[in-house]
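Undergrad: Below you'll find the structure I mean.
The values are calculated or read from the model by the stated rules, or taken from the named source; none is laboratory data. From a predicted model like this one, the values you see are computed outputs, not experimental measurements. Here the Cβ positions follow ideal geometry from the backbone for every residue, glycine too, while neighbour counts run over all protein chains shown.
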Amino acid sequence: MLASSQTHPYATATQDRFAQALARDFANLNLFERLAAARREIPGRIVFTTSFGIEDQAIAHAVFTQDLDIDVVTFDTGRLFAETHDVWAQTERRYRRTIRALLPERGALEDWIACNGIDGFRRSIELRQACCELRKVEPLGRALAQASGWITGLRANQSTGRSATPAASVDPGRGLVKVNPLFDWTRASVAEFVHTHDIPYNALHDRGFLSIGCAPCTRAVAPGEPERAGRWWWEQDAKKECGLHGRHR
Ligand code: SF4
């Protein structure tokens, strides 16, 4: 895995121009138009990574209904909620598409569990990050191999750590253009979009789960709590990130 200070050989000035053009154009575009523009502006393979959260469901709707040439990929960590698998299946039925799942590398995961235990991630931040690395970050690297664009559901007002999320930027570590078409949306506007278009969403959202990841590491939040407070709640002082975005933004 490349460290954030390294620049991927494919990160180019051309990509920077794509990112700047998208960021400039996004102000006047709706979600459908933003995704179509990303597809039009970025040559080569584009990957959308979904965890089936409400933001990702909005993006999936705009991708599938426009039949955009964007690969939709998810990470089946082995620890997902049954409700997440349910909305995954509902999404495939609704749009008549299958969604590619990447799983952790079997041998590495077997070794980690044998060494640390099935819930070893609770013992330290380092072990938690190592589990996320095995189950999410390494598969992400495979998902984005040879890709020139990456679509995410990040919003700037999800957390203070995400407050600088741009419309689009070059990810120098991965050598691609990272596009965040919901960067300036609120949770309420995403929910309204999902309601308006009758998009399937994870049933856990109706039970106080705002940000949904792996089952043992996610809980519902109380009214007024930060959106990501339910993730790794036992790590009071840590960033609420799994490493998919934090190291390469
Ligand atoms: Fe492991 Fe929890 Fe990270 Fe999932 S969220 S990969 S179970 S530490």
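Undergrad: Could you list, ordered by first residue, the pairs with Cβ atoms under 9 Å in which the first is in region 71-82 and free of Cβ contacts under 8 Å to residues at least 60 places away in the same chain and among the hydroxyl-bearing types (Ser, Thr, Tyr) and the second is away from the ligand (no atom under 11 Å from the Cβ) and in a strand (DSSP E or B), at least 6 apart or interchain?
TA: That search, which allows pairs on different chains as well, returns 74/49; 74/50; 74/100; 74/101; 74/102.
Undergrad: Filter region 91-124 for residues that are surrounded by fewer than 17 Cβ atoms within 10 Å (Cβ to Cβ) and among the polar types (S, T, N, Q) and give the result.
TA: 98, 116, 124
Undergrad: Any residue at all in region 137-145 that's more than 16 Å from the ligand (Cβ to nearest atom) and not in a helix (DSSP H, G or I)?
TA: yes
Undergrad: Which residue is surrounded by the fewest Cβ atoms within 10 Å (Cβ to Cβ), if the candidates are limited to region 130-144 and must be aliphatic (A, V, I, L, M) and in contact (Cβ under 8 Å) with a residue 24 or more places away in the chain?
TA: Going through the qualifying residues, I end up with 143.
Undergrad: So, of the residues in region 211-239 that are of a type in the set (A, V, I, L, M) and modelled with pLDDT of 85 or more, which turns out to be nearest to the ligand (Cβ to nearest atom)?
TA: Initially, region 211-239 is screened for residues of a type in the set (A, V, I, L, M), giving 212, 215, 220-222, 229, 238.
Next cut, modelled with pLDDT of 85 or more only: 212, 215, 220-222, 229.
Working: 212: 10, 215: 8, 220: 16, 221: 16, 222: 21, 229: 15 Å.
Out of the qualifying residues, it is 215.
Undergrad: Please list, ordered by first then second residue, the pairs with beta carbon atoms under 8 Å, 6 or more apart or interchain, first in region 32-44 and without any contact (Cβ under 8 Å) to a residue 24 or more places away in the chain, second in a helix (DSSP H, G or I) and surrounded by 16 or more Cβ atoms within 10 Å (Cβ to Cβ).
TA: Short answer, once both residue conditions are applied: 37/22; 37/25; 37/26; 41/18; 41/22.
Undergrad: Determine if region 188-205 includes at least one residue that is touching a residue at least 60 places away in the same chain (Cβ under 8 Å), more than 16 Å from the ligand (Cβ to nearest atom), of a type in the set (Gly, Ala, Ser) and closer than 27 Å to residue 78 by Cβ.
TA: Yes, there is a match, as at least one residue in region 188-205 is touching a residue at least 60 places away in the same chain (Cβ under 8 Å), more than 16 Å from the ligand (Cβ to nearest atom), of a type in the set (Gly, Ala, Ser) and closer than 27 Å to residue 78 by Cβ.
Undergrad: Checking residue 184 against (1) part of a loop (DSSP other than H, G, I, E, B); (2) under 22 Å from residue 84 (Cα atoms), only one condition comes out false. Which one?
TA: (2)
Undergrad: Here's something else I'd like to know. Kindly indicate whether any position in region 194-209 is modelled with pLDDT under 95, of a type in the set (Ser, Thr, Tyr) and not in a helix (DSSP H, G or I).
TA: no
Undergrad: Hey, among the residues in region 146-167 that are in contact (Cβ under 8 Å) with a residue 40 or more places away in the chain, among the polar types (S, T, N, Q) and part of a loop (DSSP other than H, G, I, E, B), which one's farthest from the ligand (Cβ to nearest atom)?
TA: Looking at the filtered set, the residue picked out is 148.
Undergrad: Quick one: residue 127 ticks every box in (1) in contact with a helix residue (DSSP H, G or I) (Cβ under 7 Å, 6 or more places away or on another chain); (2) under 30 Å from residue 37 (Cβ atoms); (3) surrounded by fewer than 20 Cβ atoms within 10 Å (Cβ to Cβ) except a single one, so which number is it?
TA: Going through (1) in contact with a helix residue (DSSP H, G or I) (Cβ under 7 Å, 6 or more places away or on another chain); (2) under 30 Å from residue 37 (Cβ atoms); (3) surrounded by fewer than 20 Cβ atoms within 10 Å (Cβ to Cβ) one by one, residue 127 breaks only (2).
Undergrad: Related question: In region 21-130, which helices (runs of 4 or more DSSP H) lie fully inside it and hold 2 or more residues that are within 16 Å of the ligand (Cβ to nearest atom) and charged (D, E, K, R)?
TA: In region 21-130, the matching helices (runs of 4 or more DSSP H) lie at 106-116.
Undergrad: Turning to a different aspect of this structure: Out of region 168-181, which residues are surrounded by fewer than 23 Cβ atoms within 10 Å (Cβ to Cβ), part of a loop (DSSP other than H, G, I, E, B) and either of a type in the set (Phe, Trp, Tyr) or at negative phi (or both)?
TA: 172, 173, 174, listed by residue number.
Undergrad: Another one. Looking only at region 51-73, count how many residues are hydroxyl-bearing (Ser, Thr, Tyr) and surrounded by fewer than 22 Cβ atoms within 10 Å (Cβ to Cβ).
TA: Of the residues in region 51-73, 1 are hydroxyl-bearing (Ser, Thr, Tyr) and surrounded by fewer than 22 Cβ atoms within 10 Å (Cβ to Cβ).
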